[in-house]
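Visitor: First the structure, then my questions, so here it is.
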Amino acid sequence: MHKHQIKVRVRYSETDQMGVVYHGNYIPYFEIGRVEWLRNKGVSYKIMEESGVALPIVSMNINYKKPARYDELLTVTTAFKSQTSVKVEFDCEIHNEKNELLTTAHFILVFVDLLTGKPIQPPHYIKDILV
């Protein structure tokens, strides 16, 4: 399984009055993880989009185990799980500085042609990194 980790510091604007990360703010953390997973494999999401390919989420499942808090340094781990003809799946985790598991997630994304909006096979340069 291909894994990548990145650190993200919780910003004040991402928390509620008690200093706890609002549940919707975990989604951008996971997005950072997926984009950096691709970049680590030599694929720029920006260049992929400029070439006419998008990778929208079609399914996500997030499990909140413990809260993340203001100013904590989080580790977002993104792991490639599988790839079918047009879909790719990732499992993700977020740990705090004490290495406590805070959140897990599973994402399914589909390769889409930006001009037609229809699912497509991933470009060869992406297929090569998914094997």
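The values are calculated or read from the model by the stated rules, or taken from the named source; none is laboratory data. As the structure is a computational prediction, the values presented were derived from the model and not from experiment. Here Cβ is always computed from backbone atoms with ideal geometry, including for glycine, and neighbour counts include all displayed protein chains. For accessibility, only protein heavy atoms count, side chains too; no ligands or nucleic acids. Shrake-Rupley method; radii C 1.70, N 1.55, O 1.52, S 1.80 Å.
Visitor: Out of everything in segment 1-15 that is open to solvent by less than 80 Å² (accessible area, probe 1.4 Å) and outside any helix (DSSP H, G or I), what residue ends up being modelled with the lowest pLDDT?
Guide: H2
Visitor: Check whether at least one residue in segment 28-48 is over 24 Å from K127 (Cα atoms) and modelled with pLDDT of 95 or more, and report yes or no.
Guide: yes
Visitor: Also, I was wondering about something else. Which one is surrounded by the fewest Cβ atoms within 10 Å (Cβ to Cβ) among residues in segment 79-131 that are modelled with pLDDT of 95 or more and among the polar types (S, T, N, Q)?
Guide: N99
Visitor: In addition: I'd like to know if segment 16-27 contains one or more residues that are free of Cβ contacts under 8 Å to residues at least 24 places away in the same chain, aromatic (F, W, Y) and over 25 Å from L130 (Cβ atoms).
Guide: Checked segment 16-27: at least one residue is free of Cβ contacts under 8 Å to residues at least 24 places away in the same chain, aromatic (F, W, Y) and over 25 Å from L130 (Cβ atoms).
Visitor: For segment 29-56, how many residues meet the condition of being over 19 Å from H2 (Cα atoms) and either open to solvent by 50 Å² or more (accessible area, probe 1.4 Å) or free of Cβ contacts under 8 Å to residues at least 40 places away in the same chain (or both)?
Guide: Residues that pass the stated criteria total 6.
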